[in-house]
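Structure first, then comments.
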Amino acid sequence: MRRAGAKKGEKLNVDDRVSDFYQLVLRRNAGEPEFHQAVSEILESLKIVLAKNPEYGEMGLVQRLCEPERQIIFRVPWVDDQGQVQVNRGFRVQFNSVLGPYKGGLRFHPSVNLGIIKFLGFEQIFKNSLTGLPIGGGKGGSDFDPKGKSDLEIMRFCQSFMTELHRHIGEYTDVPAGDIGVGGREIGYLFGQYRRLNNRHESGVLTGKGLTWGGSLVRTEATGYGCVYFTQRMMEEHGESLAGAKVVVSGSGNVAIYAIEKAQQLGATVVAFSDSSGYVSTPNGVDVELLREVKEVRRGRVAEYAEEAEGAEFHAKGNVWEVACDVALPCATQNELNGDDAKKLAANGCKYVAEGANMPSTPEAVDYFRKSAIHFAPGKAANAGGVATSALEMQQNATRDSWSFQYTDERLQRIMSNIFDNCAKTAATYDREGDYVVGANIAGFKKVANAMLAQGII
């Protein structure tokens, strides 16, 4: 990786080379701070690799890795219940397919823009690599907001979205799944339109499907369960267990609900959870069935849970990271946990943080965790359970098979345990024992990098 503008043969140290390349990324991807943040974190870890394994700096490998193979932006027109035409913007960033078909979710949220989709797709490359399964990295979505929309409005939007997207995806090309704002209902409408347009029942083109038409057991629970399995394995490495631990979870969506469920099944007490309106303190633990009823059936706010659950208290606009705990699981959205929050967690006795969401901790928070006594698991490792189980759904679709809940859950546990072991071993190999950020970044990178070198400059 030669410095931009440097003369051929000019030798530069690794720090200079990486710094110059990062400046190039900033210039070529202006106005995309989330993507910049994701690239910066990876490049910082890659300094260690490039110093020890200089061959990874050749053939423009890092430059190619940071440039998506394909970026698709399209118009999504649809008609609301009042007969008014609405127009949203759709995205699909197909980032890297060296290990397999692009794999990554679709996010429907007003905050969605190209920079956020690129950050998510870039992270997906390394997350998917860590699973050990043959899937590449991609991500997509729209600035459409499902909240407050009728089922028919959501159906019409999904059909319009897929009318364009269908020409870019396929079982062996790109396999989307759900994400924020895209659950079973949306996947159903998307799959129905894909089937109609292509005149074939191609089950493997989407994951997160209904159980009666090609879906997989455990897929709904997978990201939350996987995050907790990773946390449990991390705690075991340090001679501790979730049994008896106090856990704080941010969010109350799919990932958070099932992280809460699995943590309590393993003997922990979840003492707080949240949504964008505030947080609920639950010193006696969480009634998961009531929470699921409030969030998944009524589509209500956490204040409703507090009104009905004994011992629960709602804190409007409060900060869930103020609650004393042993374990913190940020499961909401990117950059929700900042440096001040990290200090609060440490002061209140927190010893473990595992990211259930994608990049929920700011760089300042991550830096504080890594310099403190808190053991920190980055999202690309800790929340890989969702995409791992999506890949297991693809396996079942390919063989026209359907696995039991127990068998699929056991596969998920093994995958998450292997991810932890790989991160820990890699970090130790590069003299950064216990640094799971470095371990995850390098382990994910090396598998992708080796495949890219083997397949030539494409």
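Would you please give the residues with an amide H less than 5 Å from that of G278, counting only those at least 5 places away or on a separate chain, with H modeled from the backbone geometry?
Here K317 satisfy the definition.
How many percent of Cα pairs in the stretch 222-382 exceed 21 Å? Working shown, then result.
On the way: 4700 of 12880 pairs.
For the stretch 222-382, the share of Cα pairs beyond 21 Å comes to 36 percent.
So what are the ³J(HN,Hα) numbers for the stretch 81-93, from phi and the Karplus equation (6.51, -1.76, 1.60; θ = phi - 60°), rounded to whole Hz, Gly and Pro as x?
Each residue's phi maps through the Karplus curve to give 5, 8, x, 8, 6, 10, 10, 10, 10, x, 9, 8, 9 Hz.
Using only helices, what value at 222 nm comes out for the chain when you add -39,500 (n - 2.57) per DSSP H run of length 4 or more and divide by the total residues, to the nearest 500 deg cm²/dmol? List each step's numbers first, then the result.
Numbers: 16 runs with 209 residues, N = 458.
Result for the chain: -14500 deg cm²/dmol, rounded to the nearest 500.
Mind ranking 226-235, 180-189, 130-139 by how tightly packed they are, going by the mean number of other C-beta atoms within 10 angstrom, highest first? Don't skip to the end; give the middle numbers.
Details: 226-235: 26.9, 180-189: 20.0, 130-139: 24.8.
Going from most to least packed, we get 226-235, 130-139, 180-189.
Where nothing but the Cβ of Lys and Arg (+1) and of Asp and Glu (-1) is charged, how large is the charge dipole of the stretch 70-204 around its Cα centre, in debye to the nearest 20?
Numbers: 17 positive and 13 negative charges, 59 e Å.
It comes to approximately 280 debye.
As I understand it, the dipole of the stretch 387-458 uses +1 on the Cβ of Lys and Arg and -1 on the Cβ of Asp and Glu, about the Cα centre. Which of A451, T426, L392 lies farthest toward its positive end?
Toward the positive end, the furthest listed residue is A451.
Is the C-alpha gyration tensor of the stretch 14-65 telling us rounded, prolate or oblate? Criteria: a/c under 1.5 is rounded; beyond that, a/b larger than b/c is prolate, otherwise oblate.
Values: a/c = 2.18, a/b = 1.78, b/c = 1.22.
Note, shape of the stretch 14-65 comes out prolate.
Can you sort S160, S402 so the residue with the fewest Cβ neighbours within 10 Å comes first?
Numbers: S160 23, S402 14.
Lowest to highest Cβ neighbour count: S402, S160.
Given a cut-off of under 8 Å on Cα pairs at least six residues apart, what relative contact order in percent is computed for the chain?
Numbers: 929 pairs, mean separation 64.5, N = 458.
The normalised contact order for the chain reaches 14 percent.
I'd like the distance separating the alpha-carbon centroids of the stretch 137-199 and the stretch 301-331, in whole Å.
Taking the Cα centre of each part, the stretch 137-199 and the stretch 301-331 sit 32 Å apart.
Based on DSSP, what percent of beta bridges with both residues in the chain are antiparallel, to the nearest 5? Walk me through the numbers on the way to the answer.
Numbers: 26 of 48 bridges.
Taking every DSSP beta bridge with both residues in the chain, the antiparallel ones total about 55 percent.
Once the stretch 70-204 is represented by equal point scatterers at the alpha-carbon sites, with solvent omitted, what log10 I(q)/I(0) does the Debye formula produce at q = 0.15, 0.20, 0.21 Å⁻¹?
Reported log10 I(q)/I(0), two decimals: -0.67, -1.16, -1.26.
Mean Kyte-Doolittle of at least -0.5 plus a Cα span of 18 Å or more along the axis: flag which DSSP H helices in the chain meet both, please.
On the way: long enough: 14-28 (21 Å, -0.44); 33-52 (29 Å, 0.35); 114-131 (25 Å, 0.71); 151-165 (20 Å, 0.27); 184-198 (21 Å, -0.86); 222-237 (22 Å, -0.29); 385-398 (20 Å, -0.07); 405-429 (36 Å, -0.54); 436-455 (29 Å, 0.71).
Length and hydropathy pass: 14-28, 33-52, 114-131, 151-165, 222-237, 385-398, 436-455.
Can you tell me what the convex hull of the Cα atoms of the stretch 75-154 projects to on average, as an area in nm²? Working shown, then result.
Working: hull surface 23.2 nm².
Mean orientational projected area (the stretch 75-154, Cα hull): 5.8 nm².
What ranking do 99-110, 25-36 get when scored by the average of other Cβ atoms within 10 Å per residue, highest first? Don't jump to the answer; show the numbers that get you there.
On the way: 99-110: 23.7, 25-36: 15.4.
So the peptides 99-110, 25-36, ranked by packing, come out 99-110, 25-36.
Stick to Cα atoms and the Kirkwood definition of Rh, then tell me Rg/Rh for the stretch 218-308. Can you show the working numbers first?
Numbers: Rg = 12.9 Å, Rh = 13.2 Å.
With Rh from the inverse mean 1/r over Cα pairs, Rg/Rh is 0.98.
Give the long-range amide H neighbours of I72: residues separated by 5 or more places, or on another chain, with amide H under 5 Å away, using H modelled in the peptide plane at 1.01 Å from N.
Hits under the 5 Å cutoff: R92, V93, Q94.
What relative contact order, as a whole-number percentage, does the stretch 222-382 give when Cα pairs under 8 Å and 6 or more residues apart are counted? Working shown, then result.
On the way: 360 pairs, mean separation 34.9, N = 161.
Once divided by the residue count of the stretch 222-382, the mean separation gives 22 percent.
Counting Lys and Arg as +1 and Asp and Glu as -1, each charge on the Cβ, what is the dipole of the chain about the Cα centre in debye, to the nearest 20?
Details: 52 positive and 56 negative charges, 358 e Å.
The dipole magnitude comes to about 1720 debye.
Which order, highest average first, do 242-251, 413-422, 81-90 follow once you tally other Cβ atoms within 10 Å for each residue and take the mean per peptide? Before the final figure, lay out the partial values.
Numbers: 242-251: 22.7, 413-422: 20.2, 81-90: 12.3.
Top of the packing list down: 242-251, 413-422, 81-90.
We did not get these values from a lab; they are worked out from the coordinates using the rules stated. What you see is a predicted model, and the numbers here were worked out from it, not measured in a lab. Every residue, glycine among them, receives a Cβ derived from its backbone with ideal geometry; neighbour counts consider all protein chains shown.
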